[in-house]
Every structure is written in C-alpha cells, then in structure tokens.
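**Student:** Quick one: structure below, then a few questions.
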Ligand code: CMC
C-alpha cells in the first residue's frame, strides 16, 4: 500500500495492449492495423477505415457493401430525440449538445445496450457511426433556427453530412463531390489515435461495464478541451486574432514567453516529435478544397503558411520538437466549406467515433478489469472533528 508508480499525465504508462493503431512519434508514423494513414486517406474511403478499425482488415467488396448498407440505414435518429435539441438554449455550444444527446441515445436503443451480447455490440457500433453526423448537423441546424434536414441514404457518408448541414426545405444543397471527398478524408484523418485522452476516457468508462452510448458521450466530453479536440477551433480563432502576417512575429514571441500562457494552437503533440503525418494530408486536402472553391489568396491560409514556416525554423520550436498537428489545417478547410468555428470540434468527434468504438470493443472482447488508478495522498493525516 502506498508504493505506487507515479506518472502524472501518463507520459510513460501503457494502460492496455492494443492491435488497432501504431504511432512512432519520433519518425512521424501512424499506422491503422498496419496501414499508413496517408495511404488510407488517399486510397480508401472513411467507411473502409471504419471497417478496418472495427474488424481488423480492409473490407472485400461484398463486406463493404453490407457494411455501407448497415451504416447508411441507421442514419435517422428517433423522432423524439428532436425534443432534446429543443430543450437547449439556442446559443448552446454544439459540443454541449453532443455530450447530452449522444448520452441520451442510451435511453432510446434498448436493443443495443447489453454489452455481453455480440449482436447488441454490433448494432451499437453501427448506430453510433451512422448517427453521429445526423446529431452533429442537427446541433448546427438548431443553433441557426432552421428545421432539421433528414439524412439521405443515397449519398456518401461525407456527402450526406454536407446535405444535412446545408439543405433546407426551400432548397436542396447540391453536394460538391470534391467537398464530400474532403470531408471523408478529414473524418479518416481523425478516425483513431490510440490512447489519447478521449479514447482512454472511453476505455475507462467502458471498463465499468457502462453501455457504449454512455462511453462515447464520456469520450466527447474529454475531447472538448482546447488541448485536445478543441484545438481546431482554437487554431482558427488564433489565426483570426493574428489577423495579419505582420503580427506573426509578435505571437511567436508570446508562444515562447514562459510568463505568457499563450501557445501556438495546432502546434506540438505529446507523442509526435516530428511532423504529424495527418497534417501533411490535411494540408494537401486544404489546397484541393481552396482551389475547387476558387478561394485564391485566402488571408487565413497565408497567415497559417507563414506562421508554420517561421515556427519550423525557430530555435524554440525546433529544440522542443514542436510541429504542426492534425488540427492546424482542418479549420481552414471547414471554414472554406462554410462550417462555423464552433462546429469544428464536433466534426473531430464524428471522425473519432469508430476509433473510440474499436477500442471499447477490443477491450470488452477480451479479459479486462475495471480501470482503477491509485494516487499519492498528500492531504492531512487522520485528525479529530472535536479538535484538541
Ligand atoms: N506553443 C508553445 N510552446 C509549446 C507548445 C505550443 N503549442 N506546445 C508545447 N510547448 C512547450 C511547452 O511550453 C513546454 O515547454 P517547457 O518544456 O519549456 O516547459 C514544452 O513545449 C512541452 O510541452 P508540454 O505541455 O509539456 O507537452 P505535452 O505533451 O504535455 O502537451 C500538447 C502536448 C498538444 C497539449 C501541447 O503541445 C499544446 O498545448 N499544443 C497546443 C494545443 C494543440 O494544438 N492541441 C492539439 C493536439 S493534436 C490533436 C488532439 O489531440 O486533439
């Protein structure tokens, strides 16, 4: 008793064994089930990657057709869930809504709550992957006072999301295939990242036997913070605040100042001490989207590129091995597509859902015990209420 390994922030503690994702932070390598992330993003689609994470192999064409059908036929949410959205204040942050409504799925889908039943687990996984974009788009529609747009199962995963975001009863949004493909890639780039804070939260919640909807809601809550998924929103706010290339040096100086809490958002990573391989694909996707939309000389992109260049050459960032991470370019793409800043972290949550579920499923499919860390107690010794 009392002699525990102390590892604040878990910098050197492996909490589980896993076969899903491998990261070599020094080399900037990210593999899902052995496949490099750039190949998955460029040569597969998001549902291939969801299948890969969940089942361990890329799907054959038959397996893909069955999986796609299962996902695209669970996209609607129970009509009564609409009442949940309407209970939130109009100006609620969409992540606040997501924490609530995803947890609330537990109250609707009683045929997928028994974690000892393979079929229940399977249906819960499919439901979560298929309903997350619907819930995300509903959070947005509610915030702008428009009616919810029902999903369309004939569209791709990314295309259907854009449709639910931007279609109105007055006008059907024409899905641009380049933008739909970009959404698909962004979701793929976020799909899993081993034992980050939100995934570890999902595993810890799941280790108590909690149902999958409750576990994913816990993951969404952990993702929200600016040091994790909230960084994509923070990057765009930062670029807007910098406002002009002439101000970059001032912000770089602030990021280096120990007495200033400001950090360059979208820079640095606990594991990557090299260029984040996801950021490379994200940058290429950003170029594709801006050129498709004819956005030339986007001022925020110019600031981002200049900032990146200066930081990559700056002694402080080089020494501390601080490189751009996945969140650095995603916000510029979202903004160009017309997605508001407060939805960015929600989209991270949508993309990360198969990773969270794959880890939850991996854990409960094998022998596991409830997660129960200990602590180094630093408080009072025993004392008496009555005093001395
Ligand atoms: N700007 C300026 N200095 C930084 C930054 C930054 N973005 N990131 C780290 N540092 C410094 C930090 O001050 C510390 O310096 P020192 O050793 O002199 O005290 C050193 O680098 C190590 O930082 P740390 O906070 O001990 O590193 P960590 O592994 O605990 O934190 C991080 C990793 C991602 C939270 C951090 O780099 C950060 O806050 N980055 C900005 C937020 C961000 O972009 N988050 C997204 C992460 S990737 C996707 C995701 O998980 O959602």
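**Student:** Which residue pairs have Cβ atoms closer than 7 Å, lie 6 or more positions apart in sequence or on different chains, and pair a first residue in the stretch 261-273 that is in the same structural domain as residue 319 (by TED's automatic domain parsing) and modelled with pLDDT of 90 or more with a second residue that is assigned to a loop (DSSP other than H, G, I, E, B) and within 8 Å of the ligand (Cβ to nearest atom)?
**Tutor:** Within 7 Å, the pairs are 266/325; 267/322; 267/325; 268/322; 268/325; 269/276; 269/325; 272/325.
**Student:** Looking at the stretch 271-282, is at least one residue in contact with a strand residue (DSSP E or B) (Cβ under 6 Å, 6 or more places away or on another chain) and within 11 Å of the ligand (Cβ to nearest atom)?
**Tutor:** yes
**Student:** Could you list, in sequence order, all residues of the stretch 208-238 that are over 12 Å from the mean Cα position of the chain (by Cα) and at pLDDT 95 or above?
**Tutor:** 208, 209, 210, 211, 212, 213, 214, 215, 217, 218, 238
**Student:** Right, something else. Could you list all residues from the stretch 283-321 that are more than 19 Å from residue 236 (Cβ to Cβ), in contact (Cβ under 8 Å) with a residue 24 or more places away in the chain and within 13 Å of the ligand (Cβ to nearest atom)?
**Tutor:** 314, 316, 317, 320, 321
**Student:** Something else: Going residue by residue through the stretch 245-257, is there one that turns out to be within 13 Å of the ligand (Cβ to nearest atom), surrounded by 23 or more Cβ atoms within 10 Å (Cβ to Cβ) and not assigned by TED's automatic domain parsing to the domain that holds residue 351?
**Tutor:** Scanning the stretch 245-257, I find no residue that is within 13 Å of the ligand (Cβ to nearest atom), surrounded by 23 or more Cβ atoms within 10 Å (Cβ to Cβ) and not assigned by TED's automatic domain parsing to the domain that holds residue 351, so the answer is no.
**Student:** Here's a follow-up. Considering only residues that are surrounded by fewer than 15 Cβ atoms within 10 Å (Cβ to Cβ) and either more than 15 Å from residue 307 (Cβ to Cβ) or more than 10 Å from the ligand (Cβ to nearest atom) (or both), look in the stretch 258-270 and name the one that is nearest to the chain's Cα centre (by Cα).
**Tutor:** So the residue we want is 270.
The values are calculated or read from the model by the stated rules, or taken from the named source; none is laboratory data. These figures come from a predicted structure and were not determined experimentally. FYI the Cβ positions are ideal-geometry reconstructions off the backbone, even for glycines, and counts take in every protein chain you see.
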